Amino acid sequence: MDPPVGSKTELVGLLRQAAELEHGLCCQYLYAAFTLKAAGDAGVTPSQAELTRHWQQQISRVAIQEMYHLLLANDMLVALDAPPHFWRPNFPEPRSHYSEIGLPSVLAPFDRATATRFMCWEKPEEPGWWDGYCQNVSAAETERLAAFADIATAIPAYRTIGQLYGIIEASFQAHPEWIDPAQAPRQVTTEYVPFTPKVKPITTAADASRYIEIIVEEGEGTPNWDTKSHFAYYHQIVNELNPQAPHPLSFVPSWPTVENPVYDPADARPGSSLIEDPVAAAVGRLFNDLYVLMLQTLMRLFEPDDETPAERRALADAALAVMPLGIKPLGILLTRLPAGTKFPGLFAGPSFELPTSVPRVEGDAAFAIGILGVRMHELVTRARIVGLHVPPPLRYAYDETVARLETLVPLFTGLVAAPS
C-alpha cells in the first residue's frame, strides 16, 4: 500500500499533477492519431486505409478515456473544495516530472517509436518485462533529444502513473474528512456528460477509490494488463509495426509532420518547431484559440456561479461538441498543411499551446455564457477569413468544418442574450 500524504494541500497538488498528466497524454495521443493517413490519401490502398483507420480508432478511444480521467481528477479536486485544473505545460517536456522513467512529452507523428513511447507511459506498476524495456526506450529518447539536456526537471515521488494514483487513493482513505460533501452539486456527473462508466458525485473515500480503480485499470490494466487497457492497446500496435513481423508494413502510415509545432514565438523552446508559413500559422493559431475556449467552457462547467442545470448542460454540450466539430478536423487539416520553407518536405500539426494560465470567465451565468458565445462567434468569423487562403485541395474540408463550428454559437447565445 502506498503511503498517504500528510496534508490536504499535498493531495490537491498530486491531483493537479494527475490532471496535467492525463491532459498532456490526451494531446499527444490525438496528435499521433491526426497524422494517420486515410482512405483517399495519395498512395494508400483500401487495405492500408483500413489498417490506419483501425489504429486511429484505437488511439482515439484511449484519448477519450484520458479525457474521462481528466474530468474524474477534476471531480476529486472539487470534492476537496479546490478549483478544477485544466492547465498543463506546453510541449515539449524533455524528461517529464510525471514519471521517474524520464520519458519525454512530445507531439510527434504516428510511427513505431511514438507508439512505443505511449506504451511505456502506460506501463503497469507491477514489476515485469516492461521495466527493462522501457528503461531502454527512455535512454534512447534521451539520447535522441539531447538538445533538451539543459532543461532540468524534478524527479517525482512515484515511479508510474499507477503509483501516483495509489498515493492519491491512500490519502483519501487516510483522511476521508478532507472530502466536503457540500461540493457534490458542483461536480460534473453523468447528468451533464455521458460518461462510461457512469459517474456520481464523490462524497466519500470509497467513491474516490472506485474511480481511481477505473482510471488505473483502463490505463495499465492491472492485474490483467493484456485485456483492453491502454498499455495493451499500444503493446498490440507496437507489435503490428515490428519490421521483423511476418508481414511488415509496406507503406508509411502517417503524414511526415514536424515534432512539437509552435505558432507563438514566445512559446518556442529547444525541441519545438516554430511554424512561420502564413496559412499553417493562421490555422494553427485558430486551433489554439478554439482549444482554449473549450477549456474555459469546461472550467465554467466545473466552477458554476448561478448557472441552472439547463445552462450547465449547455456548457457541457458545447465543450463536448467542440472536439469532433472543431478540434479534430482542424487538427487533421494542420497535419496536411506544409510547415514552410524551414521544414522542407514536412507538414505542420496542432500545437495545443496554452497561455501561462487558463483564466476562468468571471461573472454571473448570463454574462459568462454570453462572453463564451461572443468569443465563439468571433472565432467563426475569423475562421471564414482564414479560409480564403487555405489551398484548394483542403478548402472544401476546411469550409465544412467552419460551417459546423457555426452551429455551436446558439448553444451559448440561445440561452442568454450576448452582452453588447
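Read-outs: derived from the displayed coordinates by stated rules, not from any lab. Predicted model only: the values in this text are computed from it and were never measured. Cβ placement follows ideal geometry from the backbone for every residue including glycine, while neighbour counts extend to all protein chains displayed.
The simple spin-label model puts a point 7 Å past each Cα toward its Cβ; for residue 204 and residue 173 those points are separated by 1.5 nm. Taken along its principal axes, the alpha carbon cloud of the stretch 258-420 reaches lengths of 52, 35, 26 Å, longest axis first. By the Cβ distance rule (another cysteine Cβ under 4.7 Å), the unpaired cysteines of the chain are 26, 27. Fully extending the segment from residue 367 to residue 190 would add 61.1 nm, taking 0.36 nm per residue of separation and subtracting the current Cα-Cα distance. Peptides 15-21, 401-407 ranked from most to least packed by the mean count of surrounding Cβ atoms within 10 Å: 15-21, 401-407.
How long are the semi-axes of the ellipsoid equivalent to the chain, from square roots of 5 times the Cα gyration tensor eigenvalues, in whole Å, largest first? In descending order, the three semi-axes are 32, 30, 19 Å.
Volume per residue of the convex hull around the Cα atoms, evaluated for the stretch 270-320, comes out as 101 Å³. If R0 equals 30 Å, the separation of the Cβ atoms of residue 381 and residue 357 corresponds to a calculated FRET efficiency of about 0.70. Amide H contacts of residue 257 (H built 1.01 Å from N, in plane; Pro and chain starts excluded): 347 sit under 5 Å, all sequence-distant by 5 or more or on other chains.
Straight-line reach from residue 328: taking Cα to Cα under 20 Å and skipping same-chain neighbours fewer than 8 places apart, the lysines in range are 37. Using modelled backbone amide H atoms (1.01 Å from N, in-plane), which distant-in-sequence or interchain residues come within less than 5 Å of residue 105's amide H? For residue 105, whose amide H was placed from the backbone, the distant partners under 5 Å are 93, 96. Straight-line reach from residue 342: which aspartates and glutamates fall under 14 Å, measuring Cα to Cα and dropping same-chain residues less than 8 apart? Answer for residue 342, where 14 Å is the Cα cut-off: 259, 276, 277, listed by chain and number. Per-residue Karplus couplings for the stretch 180-189, computed as 6.51 cos²θ - 1.76 cosθ + 1.60 with θ equal to phi - 60°, are listed in order as 9, x, 5, 8, 3, x, 7, 6, 9, 10 Hz, Gly and Pro entered as x.
Comparing 197, 94, 410 in a Gaussian network model of the chain where C-alpha atoms under 10 Å apart are linked, the largest mean-square fluctuation is found at 197. Spacing of the modelled spin labels on residue 131 and residue 400, each 7 Å from Cα toward Cβ, amounts to 5.0 nm.
This model, with +1 at the C-beta of Lys and Arg and -1 at the C-beta of Asp and Glu, gives the stretch 1-255 a dipole about its Cα centre of some 540 debye. Distances between placed amide hydrogens fall under 5 Å for residue 262 paired with 273, 274, 275, all partners being 5 or more residues away or on another chain. Compared with the alpha-carbon gap, the fully stretched path from residue 268 to residue 61 is longer by 71.5 nm at 0.36 nm per residue. The label point for residue 45 and the one for residue 388, both projected 7 Å from the Cα toward the Cβ, are 4.5 nm apart.
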